[in-house]
Amino acid sequence: MSEYSPYDASSAKALLEVDHVTLRFGGLTALDDVSFTINEGEILGLIGPNGAGKTTCFNVMTGVYRPTSGEARFDGTSLTKLKKHKITQLGLARTFQNIRLFKSMTVLENVMVGTDAHSKVGFWDALLRTPRHRRTEAASLARAKELLDMVGIKARHDELASNLSYGDQRRLEIARAMGTNPKLLCLDEPAAGFNPAEKVKLMELIRKVRDAGYTVLLIEHDMRLVMGVTDRIVVLEFGQKIAEGAPAEIRDNPAVIAAYLGVDEDAS
Amino acid sequence: MSRVGSYFSPLGQAMDAVSDGYKRQHPAVKALILVLVALFFYGLPLLRPPLITTNEIDFGGVMFQVAAFALVALGLNIVIGYAGLLDLGYVGFYATGAYTTGVLTSQHGSWPFFLALPVAIAVTMVTGVILGAPTLRVRGDYLAIVTLGFGEIIRICVKNIEWLGASAGIKDIPHPNTIGPAAEPPFKPGGLFEIPRLEWDGLVPHLDKEHSVHFLVFGATNAIPYYWLILTALVLVLLGDRLVKNSRVGRAWEATREDEDAAELMGVPTFKFKLMAFALGAAIGGLSGSFYASGQGGYISPDSFPLLLSMLFVAAVIVGGSGNRWGAIAGGALVAYLPERFREFADFRLLFFGLALTVLAVWRPEGLLPPRRTRRAKAAAAEIEALEEGELDEQLEEEPRNV
């Protein structure tokens, strides 16, 4: 169904490898031996019913949780021992399922926190207004404005983040994450709470993001959106990977259908 | 908003209007306004305007204390207002700065004040890092408790360490070096030149040459030169604060305050920036403490640094408007000034001070001069409330028709 796809699986290089990751919270196994890779330049969908471990998987990748066993590797570097902000600086950025903006900062400032991610400016640079400060500040500002323009909320740049509409807040989260100049952008249910028209716009935005050279990992519930925009899909259920493949294959996969629609006891 | 609040609200709106009006000005006009305001405050203890001047107690001394508090509040504002770290033991840093100065200039050395000052700042900053490195890993309430303990630990330690003068304290802390010819009492007052002060007869001012200030003699007789010194430090810190806040550092602080986990995931090394805020706040507290130690009295003791002082510092930042440097200064000045102004009420002065703070808290919970973000968020909330009430009214109007 992904009729538009410059991505070619055969020549792909793995950007992120999730390698036999298991995560236990006490007696609960949230992720059970999950392995998959994300290739450079693709849009990978991560789907599954509620509680399947999708967001947990994100949290392992971004350093919020440490895996009990196994590891996630980004560009060949193990993420297990890295601090969260170091992982971001490596080139992995995310948005949040429940929006977590810096509410009382302006829209522009929110994005600039992201664009500052690689900045080396410290106290003395700021106090003495060194050339480095001026250079990074100007670059940060220009990039932030560019990103706001791209996600379509440039006109509201001086608004407080909390005063934006729900949809614009989601867009701002994407812009902020892109500000960190990631190689891999992880979107955690970006379309949650959107109406169909907004979802279409979001799909366009996600494609635009990929065309700008980013690799995208997308967690989403809405099947139409996932099928319409992704190159490949990984399906999780109860912390285990039950399927992986192109959207068309996934749609016809009996295990996936069973996970989503339930299984008739007699038939199985 | 409460009834007391709405009663005072025109005053609040007027303050907001002044603040907005200032922000709209051309940069050159802004700079001119700032210079005039600064000149006014430098001249204040000489102008001695009626009503403001405290007649019960030396006005120059009061102004010194006011500036010292404003400086402390400015430092604490970095910690509480910018980085969102509730520090309830700030007096510990104030004491560290004061005691470092005391030890170097009087107790165990005879350094000149201006040499001891940078050392005091450095020592306090290091203290801030030592305290911050383990404690900034805990958040919110826990940090408040740990810092609360720190303030007391410093006071109790000092009280029991003989080397630091124990409960007798440190006396004879030298004044800063006089600029110009030294004073030779009782014949030569010293200084480069003298400036007479104004005396008011009702609303009629006249020059009072009896009590002129000798520029720049730091001594026991006149506190005004000290006031000028600390005011200069305040202006410098204010400029530095502005430069650092309007940069990547300021944004990192605010992001950390708003949502620490999200900030970390957006590439902000939050621990580093929290520690930086803590150390800077400590350094400014130490700076103010150092001035305090070598001030007019030249005497410090553990009783000079009670826990109450920490509470007053926090009150200053909150009352002034946490997160706005001008608010912090206003709050610090107010908290130091009001008890002195109410001296004529003798035993009741602290009661009046408490009442004044309560009225302020009810009237303007966001502080005297809140940061722009607080005001904008409040305006948006009011707008939404108005919309909701409008809808409710419509529903109520429609209801009788349905019946």
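The values are calculated or read from the model by the stated rules, or taken from the named source; none is laboratory data. What you see is a predicted model, and the numbers here were worked out from it, not measured in a lab. Here the Cβ is made from the backbone with ideal geometry for all residues, glycine too, and neighbour counts use every protein chain on show. Areas reflect the complete protein model, heavy atoms only, side chains present, ligands, DNA and RNA absent. Shrake-Rupley method; radii C 1.70, N 1.55, O 1.52, S 1.80 Å.
Here are the numbers:
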read-out	value
Extension gain (nm, one decimal) between B:V29 and B:L115, 0.36 nm per residue minus Cα-Cα	27.2 nm
Cβ-based net charge around A:S78, under 15 Å, with every Lys or Arg adding one and every Asp or Glu removing one	+2
Inter-label distance, nm, simple model (7 Å from Cα along the C-beta direction), A:N98/B:D172	6.4
Rounded to 5, percent antiparallel among DSSP beta bridges of the protein assembly as shown	65
Contact order relative to length of region B:132-256, as percent, for alpha carbon pairs under 8 angstrom and 6 or more apart	13
Assigned charges on the beta-carbon of Lys, Arg, Asp, Glu; chain A dipole about Cα centre (debye)	1560
Percent RCO, i.e. relative contact order, over chain B, from Cα pairs under 8 Å lying at least 6 residues apart	28
Segments B:287-300, B:138-151 sorted - mean Cβ within 10 Å per residue, highest first	B:287-300, B:138-151
Total accessible surface hidden between A and B, rounded to 100 Å², 1.4 Å probe	2900
Anchor A:K201: aspartates and glutamates whose Cα lies under 16 Å away (excluding residues fewer than 8 positions away in-chain)	A:D149, A:D168, A:E173, A:E189, A:D211, A:E220, A:D222
Nearest-20 debye value, region A:144-223 charge dipole, Cβ charges on Lys, Arg, Asp, Glu	220
Average other protein chain Cβ within 10 Å of Cβ, residues B:331-342	0
Total lysine pairs under 18 Å (Cα atoms) in chain B, excluding pairs fewer than 8 apart on one chain	5
Members of region A:93-108 that become less accessible by 50 Å² or more once partner protein chains are added (1.4 angstrom probe, chain alone as reference)	A:R100, A:F102, A:S104, A:M105
Residues in region A:156-195 occluded by at least 50 Å² - accessible area, probe radius 1.4 Å, against chain by itself	A:L160
Within chain A, longest stretch free of exposed chymotrypsin sites (Phe, Trp or Tyr not before Pro) [DSSP loop, at most 16 other beta carbons within 10 Å]	A:5-237
Chain A - share of DSSP beta bridges that are antiparallel (%, nearest 5)	55
Relative contact order, percent, region B:43-119 [alpha-carbon distance under 8 Å, six or more residues apart]	14
A:T56 accessible area, 1.4 Å probe, all protein chains in place, Å² to nearest 10	30
Two-site FRET efficiency, B:M311 against B:D347, from Cβ-Cβ distance with R₀ of 22 Å, rounded to 0.05	0.60
Full-extension gain in nm, A:R134 to A:S165, via 0.36 nm per residue minus C-alpha separation	7.9 nm
B:T232 versus B:A38: modelled label distance in nm, points set 7 Å from Cα along the beta carbon direction	1.2
Which of B:L32, B:L51, A:L202, A:L82 is most accessible, then next, and so on - probe 1.4 Å	B:L51, B:L32, A:L82, A:L202
Per-pair calculated FRET efficiency, R0 = 41 Å: B:L51 and B:V362 via Cβ, rounded to 0.05	0.95
Region B:1-91 shape via C-alpha gyration tensor axes, a/c threshold 1.5	rounded
Solution diffusion estimate, µm²/s, Stokes-Einstein, chain A, Kirkwood Rh from C-alpha pairs, 37 °C, viscosity 0.692 mPa s	169
Virtual spin-label span in nm between A:R66 and A:R251, 7 Å along Cα→Cβ	4.4
Residues A:K120 and B:V129, FRET efficiency given R0 of 25 Å [Cβ-Cβ distance, rounded to 0.05]	0.75
With all protein chains modelled, accessible area of B:M311 [1.4 Å, Å²]	80
Share antiparallel - DSSP beta bridges, region A:122-268, percent rounded to 5	50
Computed accessible area, B:L34, all protein chains, 1.4 angstrom probe, square angstrom	70
Between 0 and 90°, nearest 10: helix B:224-245 axis offset from chain B longest Cα axis	40
